[in-house]
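What follows is a set of notes on a single structure, which appears directly below.
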Amino acid sequence: MTKYVYLFREANQTMKNLLGGKGANLAEMTNLGMPVPQGFTVSTEACTQYYKDGNRINDAIVKQIYDALHETEKIVGKTFGDNENPFLVSVRSGARASMPGMMDTILNLGLNDVAVEGLAKLTNNPRFAYDSYRRFITMFSDVVMDISKSNYEEIFDNKKEERGVDLDTDLTAQDLKDIVKGFLAKYEELKGEPFPQDPKEQLVLSVEAVFRSWDNPRANYYRRMNNIPYEWGTAVNLQAMVFGNMGDTSGTGVAFTRNPSTGENEFYGEYLFNAQGEDVVAGIRTPKPIAELEKDNPAIYKEFREISDKLEKHYKDMQDMEFTIEKGKLYMLQTRNGKRTAQAALKIAIDMVEEGLLTEKEGILKVDPNQLDSLLHPTFEPTSLANAKVIATGLNASPGAATGRAVFTAERAAEMAKDGKPVILVRQETSPEDIEGMAVASGVLTSRGGMTSHAAVVARGMGTCCVAGAGTVKVYEDKKYFSVDGVKFNEGDWISLDGTTGRIYGEQVKTQDATVSGDFAKLMAWADKHRSLKVRTNADNPKDAKVAYDFGAEGIGLCRTEHMFFEGERIMAMREMIVSNTEEERATALAKLLPMQREDFIGLYEAMQGYPVTIRYLDPPLHEFLPNEDDDIADLAKEMNISFADLKATVESLHETNPMLGHRGVRLSITYPEIARMQTRAVIEAAIEVNKRGMNVVPEIMIPLVGEIKELKYVKEIVVATADEIIKKAGVKLNYSVGTMIEIPRACLIADEIAKEAEFFSFGTNDLTQMTFGFSRDDAGKFLADYYDKKIFEADPFAHVDQKGVGKLMSMAVAGGRTTRPDLKCGICGEHGGDPESVDFCHNIGLSYVSCSPFRVPIARLAAAHANIKNPR
Ligand code: PEP
Ligand code: MG
């Protein structure tokens, strides 16, 4: 019989997969003798079983839940469902990977119309009892019954207004009793039945709701963004309630062992007296900084510091803790490795290594490569900033600079972002419903909430700039404007945010790219020491190559030469070449392209300062260089001095039903060997030129889309003959190599043969993915969303290598190629080369290097170090 339910005292930290992070850590804290309200965890396997059983919790699991409840009753000395001394519990989800804000919490479960009176008598505090009940009704309605909290807000606010009070804490017991009455009536009105009074029914419904929430759209979206598999499921934690809302000797808060924004080694957090959990994060009341607890209650503060120090040492990581003080006694409700900004991640990792808490390798593993992205994001241009006026200031919740047009809903943010317009999402406060809007926004601004508010926590996790709790900004979401000191800003108006200082500007302030220094450079140096994969860049011009070089690229893994042909006079020469009717005409046009191409290569070699440069020969179908519309064809015909009919005929002759499977790649060089000749001439002459100036460039010539050895052999002979002749004539020595892209499944299958000609392989995983799945890379986006919705795919195979299929072909190709050439250099230059998960895979199958876009170079360097530390080679 499978065990689905574990008491905290039966489990430990190693059981994260089964019990989720929260459950495993509650068990661990229990084992460490810390003051944890006791309870139990329903496992992630129970969640999976719930879905297998057709979205119901089977009787065997229900029985295990009741048994564990009974055991917990013994520990806490109270009985669930007792009306005189009610045993109340909290219900919280907890997956294997933390998913902040994605799953909801229910507090005070077990209360009903009778037990609330019992609780009032027992505590001699009816205000507290009814406050707890109204919270429970709201949370249960929201999480379990899909009745939004907003249905109750009006009743609550009306009461406050009627009583003329601002703060929730100023409401009396009678006020709260009236509110509860109103809530219960509202519930019945909306559901057509009374609020469930049986605590056991409340409990099972709540556990079910948590399981259900694993599959809600927000959770699915978050998982896809963070690569969390659906199969994992979530666990549910049921824990004896302790109360922070029992008066002024009670309270609740959140704290971090180090500053999650800057990484400074300082105790950091917020708390509220006489409050329950959600008050702190919801931003309804403004919490106090944790340092004030030292004055308010020195003994508790000291105990909490001791516990938090112990936890940080135990987990060897910065901890994010939730605590409650009930009538002067401290309880730990949660601990986990805290989410942090990229800057903080770097500082914490480096400090912990320098403090001796972590080894260098452990320190490297503490920084998520994906997170570095936010460090490579822009800051404000000083000149533009100098003239900008600060209109308000909020909390510096998540660093970086952002400029964009104000929008007031997540939907609008998504719409405008789709049109390529940068947006700033402005809200009173954010909630999990806003997550998609936050993900596409350049920045997030809220008028309410603290450093641990939803907006702050989620934006930090995403690396999105955020200014939170800007009290002087009055936000009117439904009317689509905000105002500051009477000045109105409407939807579409430009604003800018500085998430590092908390400043808000009522205008567009120009941003500039980040530079690598300080902690970043230090961690990168460590990463370089511990990786074995080389990291190159995909770049087609000296500017991008220079950026990549400065980010640590060790060569160019892919120069797409066609990108050089689209600009200015080049496109004309290219078009002349395409419409040529004879080889001579074509040669004349190519002769015009040669010097331009040679200059391009000189620029690239120079930017790379002697590192290898891989030049990929012309790849796209030729029609891409010609216009489609008759008007444009007519204009071009005039410009080229040829007849409309001739040009139109050329365009039509180049038309293909499936251009992606058409006349492109190596096939172009087979039809037009003179193109390969011209490109070889440019590559070799440029190398001779820069080598004369003391460099030692060894060009790598790469032939695309090869699927048959004879294709490669044919083109290689042309390349070698041309190159050798030039080298001989110049009377110099120059090494070069000729290799191929591996991007057609057939090439993987016959890689041993291909390697007889190819001196290196580079995986073009964009085309390889396209051809392995048979998905057009240009159109797959249109239907992949349905694949995610229907759980056929969890991730985009064009972003993360499909290790099962495409990856299998890659492994075969590496092995096949190396049977022919044991030291065959194998790289990857598809978009996957900058994706940490794919980098890990490339390391494990023995590639020599990955190549990615310039801004992803540091990410790939760190990912390569992670891969090698986890699996050294
Ligand atoms: C590829 O196919 O992965 C590749 C790098 O080439 P391109 O994207 O230019 O087709
Ligand atoms: Mg390709």
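The values are calculated or read from the model by the stated rules, or taken from the named source; none is laboratory data. None of these values were measured; they are calculated from a predicted model. Positions of Cβ are backbone-derived with ideal geometry, glycine not excepted, and every protein chain shown enters the neighbour counts. Note: accessible area is taken over every heavy atom of the protein model, side chains too, but ligands, DNA and RNA are not part of it. Shrake-Rupley method; radii C 1.70, N 1.55, O 1.52, S 1.80 Å.
In region 572-628, what count of residues is obtained for those that are β-branched (Val, Ile, Thr), farther than 26 Å from Arg777 by Cβ and open to solvent by less than 20 Å² (accessible area, probe 1.4 Å)?
Qualifying residue count, region 572-628: 1.
Scanning region 821-858 for residues that are more than 24 Å from the chain's Cα centre (by Cα) and open to solvent by 50 Å² or more (accessible area, probe 1.4 Å) returns Arg821, Pro822, Asp823, Lys825. Taking region 713-736 as the range and being open to solvent by 30 Å² or more (accessible area, probe 1.4 Å) and outside any helix (DSSP H, G or I) as the test, the residues that pass are Gly731, Val732, Lys733, Asn735, Tyr736.
Sort out which residues of region 750-770 are assigned to a loop (DSSP other than H, G, I, E, B), open to solvent by less than 10 Å² (accessible area, probe 1.4 Å) and more than 15 Å from ligand 2 (Cβ to nearest atom), and write them in order of number.
Of the residues in region 750-770, the ones assigned to a loop (DSSP other than H, G, I, E, B) are 750, 758-759, 764.
If we keep only those that are open to solvent by less than 10 Å² (accessible area, probe 1.4 Å) as well, we get 758, 764.
Once the filter is applied, which keeps residues that are assigned to a loop (DSSP other than H, G, I, E, B), open to solvent by less than 10 Å² (accessible area, probe 1.4 Å) and more than 15 Å from ligand 2 (Cβ to nearest atom), region 750-770 yields only Ala758.
Scanning region 121-134 for residues that are open to solvent by 10 Å² or more (accessible area, probe 1.4 Å) and touching a residue at least 40 places away in the same chain (Cβ under 8 Å) returns Thr123, Asn125, Pro126, Arg127, Tyr130, Arg134.
Residue pairs whose Cβ atoms lie under 8 Å apart, separated by 6 or more positions or on different chains, with the first residue in region 770-798 and over 18 Å from Trp214 (Cβ atoms) and among the β-branched types (Val, Ile, Thr) and the second within 15 Å of ligand 1 (Cβ to nearest atom) and not in a loop (DSSP other than H, G, I, E, B), are Thr772/Pro745; Thr772/Val806; Thr772/Leu809.
Here is a yes/no grid of residues against (1) at pLDDT below 90; (2) surrounded by fewer than 22 Cβ atoms within 10 Å (Cβ to Cβ):
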{"position": "Val390", "(1), (2)": "no, yes"}
{"position": "Leu395", "(1), (2)": "yes, yes"}
{"position": "Ala402", "(1), (2)": "no, no"}
{"position": "Phe408", "(1), (2)": "no, no"}
{"position": "Arg412", "(1), (2)": "no, yes"}
{"position": "Ala417", "(1), (2)": "yes, yes"}
{"position": "Gly420", "(1), (2)": "yes, yes"}
{"position": "Leu425", "(1), (2)": "no, no"}
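Here is the figure for region 737-749: residues that are within 13 Å of ligand 1 (Cβ to nearest atom) and either exposed (fewer than 15 other Cβ atoms within 10 Å of the Cβ) or β-branched (Val, Ile, Thr) (or both) total 3.
Condition first: in contact with a Gly (Cβ under 8 Å, 6 or more places away or on another chain) and closer than 30 Å to Trp526 by Cβ. Can you find one or more residues in region 773-786 that meet it? No, because not a single residue in region 773-786 is in contact with a Gly (Cβ under 8 Å, 6 or more places away or on another chain) and closer than 30 Å to Trp526 by Cβ.
Which residues, taken from region 506-535, are among the hydrophobic types (A, V, I, L, M, F, W, C) and open to solvent by 70 Å² or more (accessible area, probe 1.4 Å)? Give the steps one after another, and end with the answer.
Within region 506-535, the first condition is being among the hydrophobic types (A, V, I, L, M, F, W, C), and the residues that meet it are 509, 514, 516, 520-521, 523-527, 533, 535.
Answer for region 506-535, where residues must be among the hydrophobic types (A, V, I, L, M, F, W, C) and open to solvent by 70 Å² or more (accessible area, probe 1.4 Å): there is none.
When Tyr788 is tested against (1) under 18 Å from Gly739 (Cα atoms); (2) hydroxyl-bearing (Ser, Thr, Tyr); (3) more than 16 Å from ligand 2 (Cβ to nearest atom), just one condition goes unmet, and that condition is (1).
Of the listed requirements (1) out of contact with any helix residue (DSSP H, G or I) (no Cβ under 8 Å at 6 or more places or on another chain); (2) open to solvent by less than 10 Å² (accessible area, probe 1.4 Å); (3) at pLDDT below 95, Met102 misses just one: (1). When only residues in region 161-192 that are assigned to a helix (DSSP H, G or I) and at pLDDT below 90 count, which is farthest from Leu272 (Cα to Cα)? Taking the candidates together, the pick is Asp170. Somewhere in region 677-694, is a residue without any contact (Cβ under 8 Å) to a residue 60 or more places away in the chain, in a loop (DSSP other than H, G, I, E, B) and more than 23 Å from Ala591 (Cβ to Cβ)? Yes - at least one qualifying residue is present in region 677-694. Per the listing Phe793, Phe773, Phe798, the residue uniquely within 15 Å of ligand 2 (Cβ to nearest atom), under 20 Å from the mean Cα position of the chain (by Cα), more than 22 Å from Leu365 (Cα to Cα) and open to solvent by 10 Å² or more (accessible area, probe 1.4 Å) is Phe798. Val144 fulfils the conditions (1) within 33 Å of the chain's Cα centre (by Cα); (2) farther than 30 Å from Asn58 by Cα; (3) among the aliphatic types (A, V, I, L, M) except for a single criterion, (2).
In summary, Ala95 fulfils each of the numbered conditions (1) surrounded by fewer than 20 Cβ atoms within 10 Å (Cβ to Cβ); (2) in contact with a Ser or Thr (Cβ under 6 Å, 6 or more places away or on another chain) with the single exception of condition (1). Does Val666 satisfy the criteria of being within 16 Å of ligand 1 (Cβ to nearest atom), of a type outside the set (Ser, Thr, Tyr) and surrounded by 15 or more Cβ atoms within 10 Å (Cβ to Cβ)? Yes: the conditions hold for Val666.
In the set (1) modelled with pLDDT under 95; (2) out of contact with any helix residue (DSSP H, G or I) (no Cβ under 6 Å at 6 or more places or on another chain); (3) closer than 16 Å to Lys177 by Cα, the condition left unmet by Ala115 is number (1). Filtering region 224-253 to residues that are open to solvent by 10 Å² or more (accessible area, probe 1.4 Å) and over 30 Å from Thr169 (Cβ atoms) leaves Arg224, Met225, Asn226, Asn227, Ile228, Pro229, Tyr230, Glu231, Trp232.
Scan region 259-311 for residues that are of a type in the set (D, E, K, R) and part of a strand (DSSP E or B) and jot them down. Give the derivation first.
Looking only at region 259-311, we keep the residues that are of a type in the set (D, E, K, R), and these are 264, 266, 270, 278-279, 285, 288, 292, 294-296, 302-303, 305-306, 309-310.
Listed by number, the residues that qualify are Glu270, Lys288.
Taking the conditions exactly as written (more than 16 Å from ligand 2 (Cβ to nearest atom), assigned to a helix (DSSP H, G or I) and under 27 Å from Val715 (Cα atoms)), does Met572 satisfy them or not? First the steps, then the outcome.
Numbers: more than 16 Å from ligand 2 (Cβ to nearest atom): yes; assigned to a helix (DSSP H, G or I): yes; under 27 Å from Val715 (Cα atoms): yes.
Here the answer is yes, as Met572 does meet what is asked.
Quick check on region 544-567. Is at least one of its residues more than 14 Å from Met608 (Cα to Cα), open to solvent by less than 60 Å² (accessible area, probe 1.4 Å) and either away from ligand 1 (no atom under 16 Å from the Cβ) or touching a strand residue (DSSP E or B) at 6+ places or on another chain (Cβ under 8 Å) (or both)?
Applying the first criterion (more than 14 Å from Met608 (Cα to Cα)) to region 544-567 yields 560-567.
If we keep only those that are open to solvent by less than 60 Å² (accessible area, probe 1.4 Å) too, we end up with 560-562, 564-565.
From what is left, the residues that are either away from ligand 1 (no atom under 16 Å from the Cβ) or touching a strand residue (DSSP E or B) at 6+ places or on another chain (Cβ under 8 Å) (or both) are 560-561.
Yes: one or more hits.
Taking the condition of being surrounded by fewer than 18 Cβ atoms within 10 Å (Cβ to Cβ) and closer than 17 Å to Gln319 by Cβ, how many residues in region 14-33 meet it? Outline the logic, then answer.
The initial filter retains those residues of region 14-33 that are surrounded by fewer than 18 Cβ atoms within 10 Å (Cβ to Cβ), namely 14, 17, 31-33.
From what is left, the residues that are closer than 17 Å to Gln319 by Cβ are 31-33.
Residues in region 14-33 being surrounded by fewer than 18 Cβ atoms within 10 Å (Cβ to Cβ) and closer than 17 Å to Gln319 by Cβ: 3 in total.
Whether any residue in region 675-693 is over 22 Å from Pro595 (Cβ atoms) and of a type in the set (A, V, I, L, M) is what I want to check. Checking region 675-693: not a single residue is over 22 Å from Pro595 (Cβ atoms) and of a type in the set (A, V, I, L, M).
Which residue out of Thr379, Thr430, Thr383, Thr446 is open to solvent by 30 Å² or more (accessible area, probe 1.4 Å), among the β-branched types (Val, Ile, Thr) and either in contact with a Lys or Arg (Cβ under 9 Å, 6 or more places away or on another chain) or over 30 Å from Pro854 (Cα atoms) (or both)?
Values: Thr379 fails: either in contact with a Lys or Arg (Cβ under 9 Å, 6 or more places away or on another chain) or over 30 Å from Pro854 (Cα atoms) (or both); Thr430 fails: open to solvent by 30 Å² or more (accessible area, probe 1.4 Å); Thr446 fails: open to solvent by 30 Å² or more (accessible area, probe 1.4 Å).
Unique residue meeting the criteria: Thr383.
Those helices (runs of 4 or more DSSP H) of region 801-873 in which at least 1 residues are within 16 Å of ligand 1 (Cβ to nearest atom) and farther than 14 Å from Lys534 by Cβ, considering only elements entirely within it, cover 806-820, 836-844.
Here Asp778 does not qualify as in a helix (DSSP H, G or I) and either small (Gly, Ala, Ser) or within 16 Å of ligand 1 (Cβ to nearest atom) (or both).
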